[in-house]
Amino acid sequence: MAQPPQLAKAFKPRRSTRPILEQLPAVTTTELRISSLYRGKKPIIKPLKIPNIESVNIGPLTVEFNFRPLHRGQKGRTETFRLKPIKTGFGNFRHCFHCNTCGKAVVRLYYYNNTLLCRWCCNGRYASRAISSPSRPILQAARIADFLDSKSRIFQRTRERLRKKLGEKLMRAQGKLGTDARSFWD
């Protein structure tokens, strides 16, 4: 006996078209070292991991991203974001971008649909929200392992202390949630 079309559609799993934010190329204000402008230093701009961006011009009030042109002999488009200094205490400032579409102050901009957007405008979601709860401890253990193995700015003693403290969590892939996840070595 055939099912009605409404019932046949009801049991299909829904696939989300929302992007996962960790997979999108992004630029942060800390990468651009904007605070060095106010100390009289020249900002050190690393090559960005964002495709199609040719250059970045940093000013005291704006950041300008110049995209590659689509055709030879033409000028590429430019996106300009205003900067907002945030007082963190003791005379220090941290900067954030003003999103051009929603006007929110954000620290990170994501490259999505050939433009730079905040996480609300690109309607993105984090990986921990996209997976099921039994696999979240595995994701947490993978993030901890990536953090400890990366060449981030943590000292060797700190890295060893964290490895000693979190070694059990890395081997068994069990978070503080008390789940019975399988270990990596089984």
Would you tally the residues in segment 146-163 being aliphatic (A, V, I, L, M) and either modelled with pLDDT under 75 or closer than 14 Å to A127 by Cβ (or both)?
2
Going through segment 11-25 one residue at a time, which ones are part of a loop (DSSP other than H, G, I, E, B), modelled with pLDDT of 85 or more and within 15 Å of R129 (Cβ to Cβ)?
R18, P19, L24
For segment 52-158, give me every one of the strands (runs of 3 or more DSSP E) that falls completely inside it and has 2 or more residues that are hydrophobic (A, V, I, L, M, F, W, C) and surrounded by 15 or more Cβ atoms within 10 Å (Cβ to Cβ).
53-58, 62-67, 78-89, 92-98, 115-117
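Look through N123, N100 and report the one residue that is under 17 Å from the mean Cα position of the chain (by Cα), within 23 Å of E22 (Cα to Cα) and not aliphatic (A, V, I, L, M).
N123
The values are calculated or read from the model by the stated rules, or taken from the named source; none is laboratory data. In this text, all values refer to a predicted model and were calculated from it rather than measured experimentally. Virtual Cβ from ideal backbone geometry, glycine too; neighbours counted across all protein chains shown.
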